[in-house]
Amino acid sequence: MSDPIFFTAAGGLTLAEVAAVAGATLPEGADPDFRLDGAAPLESAGPGELAYMDNARYGDALAATRAGACLVSPRFAARCPAGTVSLISRDPYRAYAVLLSRLHPDALRPGSQFGARGIAPGAHVHPDARLEEGVAVDPGAVVGPGAEIGTGTVIGPNAVIGPGVRIGRDCAIGAGTTLSHALLGNRVIVHPGARLGQDGFGFAMGASHLKVPQIGRVIVQDDVEIGANTTIDRGASRDTVIGEGTKIDNLVQIAHNVVIGRHCVIVSGVGISGSTTLEDYVVLGGQVGVVGHLRIGRGSQIAGSSNVNRDVPPGSRWGGTPAKPVRAWFRELTTLARLAERSGKDAAGEEA
């Protein structure tokens with residue numbers, strides 16, 4: 001169950017309400033007015049809690065659960081124990097996410113770390129900044145001249161919002177973040193320690209390396225989430241752009257002039273070099289490296305720890321170093337494994 005200190009419940013949901021949200025039909029004999037007060041994993045859920053299951057690895061946990069109700073895909077429904085109401089869903093995890101947001105709405109985005117409403121004592125807001133009603137600014141935060149912040153947005157402690165930065169409505173800007181030369185849309189979440197809008201790494205190389213002024217911006221569209229300690233450089237000659245609905249994990253580096261499309265997923269440890277474009281719905285696994293000036297086509301997926309050094313066609317699944325189509329990559333790995341095995345046997349024969 002969730003810790004009530006950190007995640008307060010919003011009053012619970014009846015089985016009928018859960019079924020309606022999940023698009024499920026209550027099984028015969030289930031009490032539609034039975035109330036679920038929270039959610040928990042299969043192993044620890046109690047009779048008043050909701051769980052979910054959509055992976056065969058957790059079949060035994062499902063069979064032993066004490067949850068009051070469980071969201072399951074059709075093929076696992078028969079494994080629900082008699083005391084657990086089985087709610088069949090085509091996508092249990094997604095249904096669970098929606099229901100969890102109803103049960104614990106405060107967990108959807110960070111709030112004020114100080115419980116502040118308005119500008120807290122110790123915050124520094126320049127008189128030329130423009131804040132709509134309903135903005136919260138925590139102690140130690142700095143909001144520079146000409147900055148604009150929309151209603152419902154929370155600025156965490158010790159965050160720095162630079163001159164002229166624009167932040168939309170219902171955003172959450174985490175503790176210790178810095179934003180400069182940036183325009184953010186609505187419902188953007190920036191987790192603690194992220195850095196947006198600093199200089200890109202641009203130098204004219206020579207006997208002494210000449211710094212190239214970085215005169216672009218960072219543009220972050222609506223519903224983007226940016227993980228802790230991620231860095232996004234402002235553009236050199238064009239803007240760095242993060243498209244609508246994109247989700248970026250912790251510890252990601254996005255260089256100057258990068259354009260990321262809508263609803264991309266970028267996992268921890270990724271580095272994207274300058275002037276690369278990711279089209280919509282691209283997924284980069286953890287620790288992927290992408291060299292500069294490339295285009296990764298719409299809907300492509302790159303396996304973790306791969307290195308991309310050429311354009312990727314739309315809809316591709318690539319992996320390896322250098323990255324290539326997964327079938328070619330798997331053949332390469334299989335061939336190397338066989339060669340290594342054969343070499344080991346030959347060496348053993350010589351020693352014998």
**OP:** Heads up, I need the accessible area for His293: 1.4 angstrom probe, whole protein in place, Å², nearest 10.
**Re:** 140 Å²
Subject >> Environment charge at Glu132 (Cβ cut-off 10 Å; Lys +1, Arg +1, Asp -1, Glu -1) >> reply: 0
Original post:
Taking N as the number of residues in the stretch 236-305, what is its Cα Rg relative to 2.2 N^0.38 Å?
Top reply: 0.95
Original post:
Per residue of the chain, what 222 nm ellipticity follows from adding -39500 (n - 2.57) for every DSSP H run with n ≥ 4, rounded to the nearest 500?
Top reply: -4500 deg cm²/dmol
Original post:
When you count, for each residue, the other Cβ atoms within 10 Å and take the mean per peptide, how do 328-338, 33-43, 166-176 rank with the highest first?
Top reply: 166-176, 33-43, 328-338
Subject >> Spin-label pair Glu132/Asn309, simplified geometry with 7 Å Cα→Cβ offset, distance in nm >> reply: 4.8 nm
Original post:
With every protein chain present, what is the per residue accessible area of the stretch 96-142 (1.4 Å probe, Å²)?
Top reply: 61 Å²
**OP:** State the three equivalent ellipsoid semi-axes of the stretch 206-352, derived from the C-alpha gyration tensor as the square roots of 5 times its eigenvalues, in descending order and whole Å.
**Re:** 36, 19, 13
Original post:
Which residues does a label at Ser101 reach in the stretch 210-247, if reach means a backbone N under 17 Å from a point 7 Å past the Cα toward the Cβ?
Top reply: 222-226, 244-247
Original post:
Per the 1.4 Å probe, what fraction of the accessible area of the chain, in percent, lies on carbon and sulfur atoms?
Top reply: 54 percent
Original post:
How much net charge surrounds Val21 when only other residues with a Cβ under 15 Å from its Cβ are counted (Lys, Arg +1; Asp, Glu -1)?
Top reply: +2
**OP:** Considering Cα pairs under 8 angstrom that are at least six residues apart, work out the relative contact order of the chain and quote it in whole percent.
**Re:** 6 percent
Original post:
Taking a probe of 1.4 angstrom, what is the accessible area of Thr277 in Å², to the nearest 10?
Top reply: 20 Å²
Subject >> Span per principal axis, largest first, for the Cα atoms of the stretch 124-166 (Å) >> reply: 19, 19, 15
Original post:
Where Lys and Arg each count +1 and Asp and Glu each count -1, what net charge lies around Pro41 among other residues with Cβ under 12 Å from its Cβ?
Top reply: -1
Subject >> Using a Förster distance of 22 Å, the FRET efficiency for Phe6-Thr151 (Cβ separation, nearest 0.05) >> reply: 0.30
Original post:
Based on the Cβ-Cβ distance from Arg238 to Thr321, what FRET efficiency comes out when R0 is 35 Å, to the nearest 0.05?
Top reply: 0.75
**OP:** Jot down the radius of gyration and Dmax of the stretch 142-278, Cα atoms only, both in angstrom.
**Re:** 14.2, 51
**OP:** Treating each Cα of the chain as an identical point scatterer and ignoring solvent, apply the Debye formula and state log10 I(q)/I(0) at q = 0.11 Å⁻¹.
**Re:** -0.91
**OP:** From zero up to wherever the largest Cα-Cα distance of the stretch 1-159 sits, split into 5 Å bins and tell me the percent of pairs in each.
**Re:** 2, 9, 16, 17, 12, 8, 7, 8, 8, 7, 4, 2, 0
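The values are calculated or read from the model by the stated rules, or taken from the named source; none is laboratory data. Keep in mind that what you see is a predicted model, and the values were worked out from it rather than measured. All Cβ positions, glycine included, derive from the backbone under ideal geometry; neighbour counts span all protein chains shown. Heads up: the accessible areas ignore ligands, DNA and RNA and are worked out on the full protein's heavy atoms, side chains in. Shrake-Rupley method; radii C 1.70, N 1.55, O 1.52, S 1.80 Å.
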